[in-house]
Amino acid sequence: MLGGASSRFRLLLVGSGPDMPRLEAEIEDRGLAGCVHLTGALAHDQVPAMIEATDVVVAPYSADSDVYFSPVKLFEYMAMARPVIAARIGQAADVVEHGRTGWLYTPGNSQELVDLIRPLADNPELCERVGAAARQRILSRYTWQHNARQVIAIAESIIGRRRRTADQQLGVA
């Protein structure tokens, strides 16, 4: 366990959703109101300041999220050079290189998550190094420009194959 009124750890939850009333009640019941901060819904342009305010970000995708999803939030965290801990599931497991650009944990395993967070609190140099590596990974592989280059390469390959097929059918060498 990381939290509690006397803990130095704080949790910042950004956003809102249908489970918010249940979550607020659980925070109150557990006496965590002083260390769990809920922003509620925010305008998109306010979110970067919230991410910047964190020491470590967690992308806690649930164990039943085995269907395709795009981890846009994960990309945002990493692009802002934040050290990230993500559930080892879906594309998150492909994007985060464990120990180099972030850390991965088994979805639903809260003890494993705690065991990853706790040592980071006393190692800001590691957090900075991993955050910088995460940003570099995003900039080199996951930008819109990179995606556009991949689409163009695929299109050029298809066009080239079709031209070769057409030339063969016409007997052109």
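Within the range 88-111, residues that are on the phi > 0 side of the Ramachandran plot have Cβ atoms under 6 Å from residues that are surrounded by 20 or more Cβ atoms within 10 Å (Cβ to Cβ) in these pairs: Gly102/Val84; Gly102/Val96; Gly102/Ala134, counting only partners at least 6 apart in sequence or on another chain. A single member of Val72, Val96 is exposed (fewer than 13 other Cβ atoms within 10 Å of the Cβ) and under 10 Å from the mean Cα position of the chain (by Cα), and it is Val72.
Restricting the search to the range 120-136, which residues are more than 13 Å from Gly99 (Cα to Cα) and in a helix (DSSP H, G or I)?
Taking the range 120-136 as the starting set, the residues that turn out to be more than 13 Å from Gly99 (Cα to Cα) are 121-125, 135-136.
Of everything in the range 120-136, those that are more than 13 Å from Gly99 (Cα to Cα) and in a helix (DSSP H, G or I) turn out to be Pro124, Glu125, Arg135, Gln136.
Of the residues screened, Gly90 is one that is among the small types (Gly, Ala, Ser) and under 26 Å from Leu23 (Cβ atoms).
Taking the range 4-26 as the region of interest, how many residues are within 22 Å of Tyr77 (Cα to Cα) and not hydroxyl-bearing (Ser, Thr, Tyr)? Of the residues in the range 4-26, 8 are within 22 Å of Tyr77 (Cα to Cα) and not hydroxyl-bearing (Ser, Thr, Tyr). Residues in the range 113-145 that are modelled with pLDDT under 90, surrounded by 13 or more Cβ atoms within 10 Å (Cβ to Cβ) and either aromatic (Phe, Trp, Tyr) or over 28 Å from Ala63 (Cα atoms) (or both): Tyr142 alone.
Scanning the range 66-81 turns up no residue that is in contact with a strand residue (DSSP E or B) (Cβ under 8 Å, 6 or more places away or on another chain), assigned to a loop (DSSP other than H, G, I, E, B) and of a type in the set (S, T, N, Q).
The values are calculated or read from the model by the stated rules, or taken from the named source; none is laboratory data. Nothing here was measured: the structure is a model prediction, and the numbers come from that model. With ideal geometry, Cβ positions are generated from the backbone for all residues, glycine too; neighbour counts draw on all protein chains shown.
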